[in-house]
Amino acid sequence: MAARKQWSDLSERTRRLLITTAVAEGILKVAALADIKRRPASQIRGPKWLWAAVVAVVSSAGVLPISYFVVGRRRPPAPPD
């Protein structure tokens with residue numbers, strides 16, 4: 001089994017990539033959780049509590065928050081013309 005790398009063993013480029021990815025995931029999580037909190041349950045596919053728990057707990061490199069924005073939200077009904 002290969003030895004695990006320490007932070008100091010990583011190149012500067014790899015460190016920046018990891019930090020950028022972590023910041024982007026954090027921003028996506030906060031945006032998704034804020035949207036879940038303010039959006040009525042009728043405009044969310046599935047239980048709000050489940051989306052919030054999964055988005056908050058699972059580390060997904062941004063995949064789950066993006067999935068929520070793409071799949072989890074229903075479009076509000078269009079106003080009648």
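Key figures for this structure:
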item	result
Gaussian network model of the chain, Cα within-10 Å springs - most flexible of G62, G26, G46	G46
Per residue solvent-accessible surface (Å²) - the chain, probe of 1.4 Å	78
Gyration tensor (Cα) of segment 29-81, equivalent ellipsoid semi-axes in angstrom	22, 11, 9
Amide H contacts of I44 (H built 1.01 Å from N, under 5 Å, at least 5 apart or other chain)	R74
Along principal axes, Cα extents of segment 9-59, largest first, whole Å	48, 15, 12
I27 accessible area, assembled protein chains, probe 1.4 Å, Å²	110
The chain - percent of accessible surface contributed by carbon and sulfur, probe 1.4 Å	64
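The values are calculated or read from the model by the stated rules, or taken from the named source; none is laboratory data. All values reported here derive from a predicted model rather than from experimental measurement. The protein model used for the area step is the full one, side chains on, heavy atoms only, and it has no ligands, DNA or RNA in it. Shrake-Rupley method; radii C 1.70, N 1.55, O 1.52, S 1.80 Å.
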